[in-house]
Amino acid sequence: PRTRALTEIRYTDYDYKGTGPGLDNAEQRYLVGLTWDLAASTSGTVKLGWMTKDFDNPALKDYSGANIEGAVRWAPLTYSVLDFAVRRGAVDSTGTGFFSVDTTFAASWSHRWRDYLASRVVFSHVDADFQGSSRKDKLDSISIGGYFDVRRWLRLGAEVSHQRRDSTDGPFDFSRNVVLFTVGLTL
């Protein structure tokens with residue numbers, strides 16, 4: 001069938017070696033959703049559910065909350081693809097607080113102009129709410145890239161991206177531009 005219902009139970013054990021009880025935790029996700037494939041041009045998966053984070057350290061507050069994961073692909077032409085993604089859930093600490101609850105939205109457009117020439121545009125937005133801290137961040141990113149297949153096995157690329165983070169903790173604000181050149185080899 002082109003549309004299917006699904007259930008997912010996921011268990012992850014985070015064990016940070018050498019840190020004592022620190023941020024060690026067990027994470028459970030309970031999800032239900034749909035996956036579909038319509039007319040060979042639209043496909044996607046959407047899952048909704050609940051997640052928990054149980055910390056080994058009794059001084060840290062456990063987490064329980066909604067969890068959303070979704071991805072949709074629309075390919076109006078065989079050489080042009082739009083992807084959309086959404087995610088909401090807890091993410092282990094990156095140095096502030098003991099974890100964050102992130103809400104992420106992303107969209108990308110990939111287009112093949114010729115057999116040897118392609119481009120990609122990507123936009124993403126993340127709202128991060130750090131638990132165990134009063135810090136909240138908003139991170140926006142956009143990138144534009146072009147890729148040239150010199151040979152069947154050799155691809156050259158160039159990307160330009162702009163990122164901006166607004167944080168309730170001023171020293172973490174930033175705005176930056178990045179230029180990236182890539183070489184891809186296929187064996």
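The values are calculated or read from the model by the stated rules, or taken from the named source; none is laboratory data. Computed from a predicted model, the values in this text were never measured in an experiment. Heads up, the Cβs are rebuilt from the backbone with ideal geometry, glycines too, and the neighbour counts pull from every protein chain shown. Remember, those area values only see protein heavy atoms, side chains included, never the ligands or the DNA or RNA. Shrake-Rupley method; radii C 1.70, N 1.55, O 1.52, S 1.80 Å.
Restricting the stretch 52-86 to residues that are among the charged types (D, E, K, R) and within 29 Å of Phe130 (Cβ to Cβ) leaves a set whose member that is most open to solvent (accessible area, probe 1.4 Å) is Lys61. Kindly evaluate Asp166 against the criterion of being surrounded by 15 or more Cβ atoms within 10 Å (Cβ to Cβ), among the acidic types (Asp, Glu) and either assigned to a strand (DSSP E or B) or free of Cβ contacts under 8 Å to residues at least 40 places away in the same chain (or both). Judged against the criteria, Asp166 is not a match. For beta carbons closer than 6 Å, sequence separation of 6+ or different chains, a first residue in the stretch 49-68 that is closer than 18 Å to Asp13 by Cβ and in contact (Cβ under 8 Å) with a residue 40 or more places away in the chain and a second that is open to solvent by 30 Å² or more (accessible area, probe 1.4 Å) and in a strand (DSSP E or B), the qualifying pairs are Lys53/Tyr63. The set of residues from the stretch 13-42 being open to solvent by 40 Å² or more (accessible area, probe 1.4 Å), among the hydroxyl-bearing types (Ser, Thr, Tyr) and at pLDDT 95 or above comprises just one member, Tyr30.
Residue by residue, here is whether (1) open to solvent by less than 40 Å² (accessible area, probe 1.4 Å); (2) of a type in the set (D, E, K, R); (3) within 26 Å of Tyr63 (Cβ to Cβ) holds:
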{"residue": "Ser124", "(1), (2), (3)": "yes, no, yes"}
{"residue": "Asp127", "(1), (2), (3)": "no, yes, yes"}
{"residue": "Arg135", "(1), (2), (3)": "yes, yes, yes"}
{"residue": "Leu139", "(1), (2), (3)": "no, no, yes"}
{"residue": "Ser143", "(1), (2), (3)": "yes, no, no"}
{"residue": "Arg152", "(1), (2), (3)": "no, yes, no"}
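Please work out if Ser41 is at negative phi, polar (S, T, N, Q), touching a His at 6+ places or on another chain (Cβ under 8 Å) and touching a residue at least 24 places away in the same chain (Cβ under 8 Å). No. When Gly184 is tested against the conditions (1) open to solvent by 90 Å² or more (accessible area, probe 1.4 Å); (2) of a type outside the set (Ser, Thr, Tyr); (3) over 17 Å from the mean Cα position of the chain (by Cα); (4) modelled with pLDDT of 95 or more, the lone failure is (1).
Looking across the stretch 22-39 at every residue that is in a strand (DSSP E or B) and of a type in the set (Gly, Ala, Ser), the one that is nearest to Ala5 (Cα to Cα) is identified as Gly33.
Taken over the stretch 96-134, residues that are touching a residue at least 24 places away in the same chain (Cβ under 8 Å) and either of a type in the set (Lys, Arg) or in contact with a helix residue (DSSP H, G or I) (Cβ under 6 Å, 6 or more places away or on another chain) (or both) amount to 2.
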